[in-house]
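One structure is given here, and the rest of the page talks about it.
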Protein chains: 2
Amino acid sequence: MKPDYQKKEIPVGSIRRYLEPGPIVLVSSARDGRRNIMTMGWHTVMEFSPSLFGCVISAGNYSFDMIRYSGECVINLPATELTDEVIGIGNSTGADTDKFQKFGLTAEKADKVNAPLIRECYANFECILHDDALVDQYNFFIWEVVRAQVANSPQYPQTLHYTGDGVFMISGKTINRRDQFLPEML
Amino acid sequence: MKPDYQKKEIPVGSIRRYLEPGPIVLVSSARDGRRNIMTMGWHTVMEFSPSLFGCVISAGNYSFDMIRYSGECVINLPATELTDEVIGIGNSTGADTDKFQKFGLTAEKADKVNAPLIRECYANFECILHDDALVDQYNFFIWEVVRAQVANSPQYPQTLHYTGDGVFMISGKTINRRDQFLPEML
């Protein structure tokens, strides 16, 4: 049974809460009637306002051209219920397969981009290409997040963090240390 | 009691195992007789060979000039034994304090850079500035890791992953799914 989240929109400047911890994400894209999903772990938050997010998408990926030339994508955050799908998506190519169909995932219409979002993911961040200055040299894309949706519950999703070599770290408990922070650092 | 790790050198192309999961790191730097440490969570692996690592270091940090104009730093990976130090370092400035002294950390001589490494951290990655093309616009530095050392044990350190708002996720268990990967994806 795949998860069926109820979601709410959150401010785009709040995505660090979900992405800064470093989870594996699924990148969905579309162009010229084709669509695809790829698994991705090389990413970083870059700015709060505008809400910027950078990531490496290797030119060897079937998604690369679709993402580069549409200038759009959706960053989808899977929780551990989708572990098999995350691995399957990362170990297959969209050249000969529709991965939404193959992995039983729902392509839902996004609001701000033409790329579809993945309904079964805990969160969906719709992105527009902000700067491609480092794409040729490093395959590094800088995105502006223009819409962010996250599940109402649980408060902290159990996420997958890749260490290479087929091994994932699963997110553990959270600790609140607000009382040790300066107000301006929160 | 702070940890006292025995460390070994690993290939610089292997740092993804420690950094791709998204932990908070401590960046140490030195210039003109000054030295400093900052807490940092906006980073990504960028390439295996050369071993590239990108990160955002805000121009507002006391470390910024030191890092930019020395063109060097050490990325140190703290485990949860250093949680108080990580928070303290992130909530103070090096402008009026020697953070090594204040937080009881040992500045050890690095091998390939003049910046000191932090002995009590689980891993130390010595870095030389590879590309500063995005520093002016985004405070985004691209580093080449030129030497990597990690502790002999434990195999998987318990790391801190920041979610904002004073809350950290602590790394949980690992799962091995090698059997679901294509050989060329490992």
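Bear in mind these aren't lab numbers, they're just calculated from the coordinates by the rules spelled out. These numbers were taken from a predicted model, which means no experiment stands behind them. As a convention, Cβ positions derive from the backbone with ideal geometry for all residues, glycine included, and neighbour counts pool all protein chains shown.
Numbers for the structure displayed
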| read-out | value |
| --- | --- |
| Where labels lie 7 Å past Cα in the beta-carbon direction, separation of B:Ala133 and B:Ile170 in nm | 4.2 |
| Among B:Phe48, B:Phe141, B:Phe125, residue whose mean-square fluctuation peaks in a GNM of chain B (springs only between Cα atoms under 10 Å) | B:Phe48 |
| Estimated FRET transfer efficiency when R0 is 30 angstrom, pair A:Asp179-B:Ser153 (beta carbons, to 0.05) | 0.40 |
| Quotient of C-alpha Rg and 2.2 N^0.38 Å, computed over region B:7-185 | 1.00 |
| Alpha carbon convex hull of region A:91-186, volume per residue in cubic angstrom | 214 |
| Distance from region A:65-125 to region B:54-81 (C-alpha centre basis), Å | 34 |
| Peptide A:136-144 - average C-beta neighbours from other chains (10 Å radius) | 3 |
| FRET E, pair B:Lys112, A:Lys102, Förster distance 56 Å, beta-carbon r, rounded to 0.05 | 0.75 |
| Region A:1-17-region A:21-44 distance, computed between alpha-carbon centres (Å) | 16 |
| Largest-first ellipsoid semi-axes for the protein assembly as shown, taking √(5λ) over the Cα gyration tensor eigenvalues, angstrom | 33, 21, 21 |
| Percentage, to the nearest whole number, of Cα pairs in region A:3-80 over 16 Å apart | 55 |
| Chain B, relative contact order in percent, only Cα pairs under 8 angstrom and at least six apart counted | 27 |
| Per-residue ³J(HN,Hα) for region B:66-71, Karplus 6.51 cos²θ - 1.76 cosθ + 1.60, θ = phi - 60°, Hz, x for Gly and Pro | 4, 5, 5, 8, 7, x |
| Among the listed pairs B:Lys2/B:Lys112; B:Lys8/B:Lys109; A:Lys8/A:Lys102; B:Lys7/B:Lys99; A:Lys2/A:Lys102; A:Lys173/B:Lys173, those beyond 19 Å (Cα-Cα) | B:Lys2/B:Lys112; A:Lys8/A:Lys102; B:Lys7/B:Lys99 |
